[in-house]
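Undergrad: This is the structure I want to talk about, given as structure tokens.
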Amino acid sequence: MSATYRDALRAALLYLVLAALWLQVSDHLLSRFFDDSRELTHWQLINGYLLATISAALIFLARARLCGFLGIGAHLRERHSDRERLRQAAAVFDCTREGVLVTDHRGLIVHVNRAFIEITGYRRDEVIGQQPSLFKSGHHPPGFYQAMFATLEAEGEWSGEIWNRRKTGEIYPQWQTIRVIHDDSGRLSHYVAVFSDISAIKDSESELKHLAHHDPLTDLPNRLLFSDRAEQALASAQTHKRGCALLMLDLDHFKMINDSLGHNVGDRLLKAVATRLQALFGPGITLARLGGDEFAVLAESCPQPAQAAALAQRTLDALKEPVLVDGNQLFINASIGISLFPSDALSAEQLLRNADSALFKAKSSGRNGYALYTEELTAHAQQRVEIAFELRRAMEQEELRVYYQPVHDLQSGRLVGVEALVRWQHPQRGLVSPAEFIPIAERTGLIAEIDAWVMQQACRQMCQWQQSGVVLAFVAVNVSSRLFARRELYQQVAQVLHDTGLDPAYLELEVTESAVMDDPEVALEQMYRLRELGVRLAIDDFGTGYSSLLRLKRLPVQKLKIDQGFVAGLPWDEDDVAIVRVIIALARSMGMQVHAEGIEQAEQATFLLAQECDLGQGYWFGRPVSADRLDWAKTPLIG
Ligand code: C2E
Ligand code: MG
Ligand code: MG
């Protein structure tokens, strides 16, 4: 017997006993209190009602057990939890962000959820009874749907990306899973499709793709996309026997604008240049930003060098008008290198390389101009690569030499110091000028080793001179701008001084003006640290850079070396005279010594002395020579 049955039986018996007892007691009590038989019958009737009501209440309260006993409860409970489950399913069906579509076995839509309505834009009544082909976008070939149904049939499920059409007509991508539902007898009863709108993901994917191929600042194609387009253009030019031109453009002295006006202004200038150039070029010309202040232009139809040159000139002219940034009128020039297809190169990569060589030529021949690529440029580039290889060997084979050029006091004519200048004693090429290999050493990073070696040699030589009784105020050593920007310079100088035992007061470090102005903050920090060591500092080639006077004032420098370019025209060239006078006055006002280099004639020395320039150096005094060939006794009379 089940527990429910026993409980129900027990409750029923208890109830019968209690009811019988109650009737007995109540009858007895009522007949004692009421003699009048009419009144007694009345109260017995009320008692009967009361009992019936209580019984009904008890039965109502016990109905669950009773139903359980009668076998109805389980069924009701089942129906109740089924209803609960359905309610939950309906809530999920309606609240889910995925669109849900259910069709019957004939493929006619029987249910859609709220997300479906939101995604597709259709109302429920517009789609019920319709076929899902209503949403077809036309994006997929018929084979796509055939394959989908084949998978559904074989595996009962299909998932994939599918493009559908919203009610507005817009087509959009969705990720969809379709499942086949069978009834109890195994017959296909429904298809359920669940899908999500992935257009947002697709958008961010294409945004990422755009970012990977465009420069974020100007939105121009970047190097990657440009190379790609150039390859395509060359392939098409090859087929149609057309010529193309690739122009590489670099803004002149852009770094100066960045440094003096800040990177924000620099960025806006780049954007303005991009916009201006973009407006200049029509279809068939692609403009790209390769990085920094470097742009590239690809003209897909440019058969003659003259046309490419005209395009370059047009580009330079377009930049002549000032650019207005933040209320500042900025003037910016550019240099352009040109390389042509197919005469100069057959691949995009080679065209870029050639245009770069031509750009280098344009820059070194005075900027604000263009240069066409020539074969000699490749020869030069080749030579540069060879030198880079050989230079390392030269260091190991001890082919480098240090020469010393005398520096004289203009007043007394006495030799007071020397500048150490490196030379390369090449086994085949003879004495190679530093102008040829220092820039290459700077690019390959070998400069650090060379400068350290020259410094070591110069300090050792100075010690030897001192020991042999030669009194010089300083030995000057050139410090490359690359090395100057590095923090190890301080340790390197300290190490050399320690190794050679030279008193730091006799060592002068020459730093070029452009190295100082490249990154004035780092330069300032470096200079203060070097000054702590006790060495002297000089600014070399002064007048060629773009010193800010404010910054110059803060530098712990003892000397300005007037660049030989200004000395060359003395005393006849009015501009040179004016510039040299200004530099001398400037140095004086800042308590610095002035040193003129490149003095080749007596008149130059006389003029400089008259202007109260302190020191002079140049062929007129003496050329750079090896240490043993210095003429100590030479004391030319100036004036
Ligand atoms: P700089 O430091 O301005 O050196 C002066 C250059 O002018 C030297 O050329 C010198 O020989 C040359 N010069 C001196 N007097 C006259 C003159 O009267 N007329 C003419 N036309 N030239 C004169 P050099 O030795 O060919 O050096 C060229 C540049 O190479 C130097 O310019 C310096 O910037 C760099 N350099 C030389 N040695 C080193 C070195 O050891 N390390 C580094 N980093 N650079 C060096
Ligand atoms: Mg120098
Ligand atoms: Mg110099």
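The values are calculated or read from the model by the stated rules, or taken from the named source; none is laboratory data. Note that the structure is predicted; figures quoted are calculated from it, not measured. Cβ sites come from the backbone with ideal geometry, for glycine too, and all protein chains shown count toward neighbours. Accessible surface areas use protein heavy atoms only, side chains included; no ligands, DNA or RNA. Shrake-Rupley method; radii C 1.70, N 1.55, O 1.52, S 1.80 Å.
Undergrad: To the nearest 10 degrees, how steeply does helix 574-589 sit against the main Cα axis of the chain, on a 0 to 90 scale?
TA: 70 degrees
Undergrad: Next question, about the same structure. How big is segment 568-623 on each of its three principal axes, counting only the C-alpha atoms and giving the largest first in Å?
TA: Reported extents, whole Å, longest axis first: 30, 23, 14.
Undergrad: Please compute one quarter of the surface area of the Cα convex hull for segment 215-373 and express it in square nanometres.
TA: The directionally averaged projection comes out at 8.5 nm².
Undergrad: Continuing with the same structure: If I stretch the segment between L152 and N368 completely, what's the gain in nm (0.36 nm per residue apart, minus their alpha carbon distance), one decimal?
TA: Here the answer is 70.9 nm.
Undergrad: If the viscosity is 1.567 mPa s and the temperature 4 °C, what translational diffusion coefficient in µm²/s does Stokes-Einstein give for the chain when Rh comes from Kirkwood over Cα pairs?
TA: Reported coefficient: 38 µm²/s.
Undergrad: Counting only heavy atoms of protein chains, what accessible area per residue, in Å², does segment 384-629 have with a probe of 1.4 Å?
TA: Value returned for segment 384-629: 45 Å² of accessible area per residue.
Undergrad: Then there is this: Once each part is reduced to its C-alpha centroid, what is the distance from segment 241-285 to segment 444-505 in angstrom?
TA: 42 Å
Undergrad: Using θ = phi - 60° and the Karplus curve 6.51 cos²θ - 1.76 cosθ + 1.60, what whole-Hz ³J(HN,Hα) does each residue of segment 114-121 get, with Gly and Pro shown as x?
TA: Using θ = phi - 60°, the values come out as 5, 4, 4, 5, 5, 6, 8, x Hz.
Undergrad: Using alpha-carbon positions, what is the distance between the centroids of segment 120-155 and segment 298-336, in Å?
TA: The two parts, judged by their Cα centres, are 55 Å apart.
Undergrad: Quickly work out the R460-to-H380 label distance, labels modelled 7 Å from Cα along the C-beta direction, and quote it in nm with one decimal.
TA: Simple spin-label model gives 3.6 nm for this pair.
Undergrad: Report, to the nearest 10°, how far helix 73-95 tilts away from the longest principal axis of the Cα atoms in the chain, using its own Cα long axis and a range of 0 to 90°.
TA: 30 degrees
Undergrad: If you roll a 1.4 angstrom probe over the protein chains with everything in place, what fraction of the accessible area of segment 121-215 belongs to carbon and sulfur, to the nearest %?
TA: So the carbon and sulfur contribution to the accessible surface is 54 percent.
Undergrad: Would you please give the FRET efficiency between H182 and L14, computed as 1/(1 + (r/R0)^6) with r the Cβ-Cβ distance and R0 = 45 Å, to the nearest 0.05?
TA: About 0.30, to the nearest 0.05.
Undergrad: Between E207 and T635, what is the label-point separation in nm under the 7 Å Cα-to-beta-carbon projection?
TA: In this crude label model, T635 to E207 measures out at 7.9 nm.
Undergrad: Enter the Cα centre distance for the pair segment 182-234 and segment 608-632, rounded to the nearest angstrom.
TA: 71 Å
Undergrad: Relative to the first principal axis of the alpha-carbon coordinates of the chain, what is the inclination of helix 199-213, with its axis defined by its Cα atoms, in degrees from 0 to 90 and to the nearest 10?
TA: The helix 199-213 is inclined about 10 degrees to the chain.
Undergrad: What distance in nm separates the two pseudo spin-label positions at S412 and L86, each 7 Å out from Cα along the beta-carbon direction?
TA: Using points 7 Å along Cα→Cβ, the separation is 11.6 nm.
Undergrad: Within the chain, what percent of beta bridges assigned by DSSP are antiparallel, to the nearest 5?
TA: Counting only bridges with both partners in the chain, antiparallel ones make up about 70 percent.
Undergrad: A follow-up question, please. For Q238 and R6 in one chain, what is 0.36 nm times their gap in residues minus the Cα-Cα distance, to one decimal in nm?
TA: 73.5 nm
Undergrad: Local charge sum around R486 (other residues, Cβ-Cβ under 13 Å, Lys/Arg +1, Asp/Glu -1)?
TA: Cβ neighbours under 13 Å give a net charge of -4.
Undergrad: In whole percent, and with a 1.4 Å probe on the protein chains, what portion of the accessible area of segment 524-639 is carbon and sulfur?
TA: Of the solvent-accessible surface of segment 524-639, carbon and sulfur hold 50 percent.
Undergrad: Further, regarding this structure: May I ask you to list the GluC sites (Glu not before Pro) in segment 133-223 that are in a DSSP loop and have at most 16 other Cβ atoms within 10 Å of their Cβ?
TA: Those that pass, being in a loop and sparsely packed, are E170.
Undergrad: How far, in nm, would the chain grow between K320 and Q278 when pulled straight, counting 0.36 nm per residue and subtracting the alpha carbon separation?
TA: Using 0.36 nm per residue and subtracting the Cα-Cα distance, I get 13.6 nm.
Undergrad: While we're on this one: How much FRET efficiency would the formula 1/(1 + (r/R0)^6) give for S199 and E574, where r is the Cβ-Cβ distance and R0 is 56 Å, rounded to 0.05?
TA: 0.20
Undergrad: Something else now. In the structure shown, do any of K241/K363; K320/K363; K209/K361 have a Cα-Cα gap over 24 Å, and if so which?
TA: Pairs exceeding the cut-off: K241/K363; K209/K361.
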